[in-house]
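Reading through the structure tokens given below for one structure.
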Amino acid sequence: MDGQELQKLLTKKRIKLGYTHQEVANLLGKGITRQYYSMIEKGERRPSVNVAKKIGELLGIKWTIFFE
């Protein structure tokens, strides 16, 4: 999955669930800021395995897509 496809998927899932970037950051837990999540969604940053797993669980996606 390329960066643009990943961005579309993350944005679509987040919006479908009715979350803002801030709400996702809050739900992911300590150490995740709105800015950091936004950079992940835009493909500017790659999350750690732990953060990828949290995002996957929250948005209902496979966490491994960040590393394909």
Under a Cβ-only charge scheme (Lys and Arg +1, Asp and Glu -1), can you give me the dipole magnitude of the range 22-68 about the Cα centre, in debye to the nearest 20? 120
From the residues Leu27, Ile40, Ala52, which one has its Cα farthest along the dipole of the chain in the positive direction, the dipole being from +1 and -1 charges on Cβ of Lys/Arg and Asp/Glu about the Cα centre? Leu27
Please quote Rg/Rh for the chain to two decimal places, taking the Kirkwood radius as Rh and restricting both calculations to Cα atoms. 0.90
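Where a number appears in this text, it was derived from the coordinates with a stated rule and is not lab data. Please read these numbers as outputs of a predicted model, since none were measured by experiment. Reconstructed Cβ throughout: ideal geometry from the backbone, glycine too, with neighbour counts over all protein chains shown.
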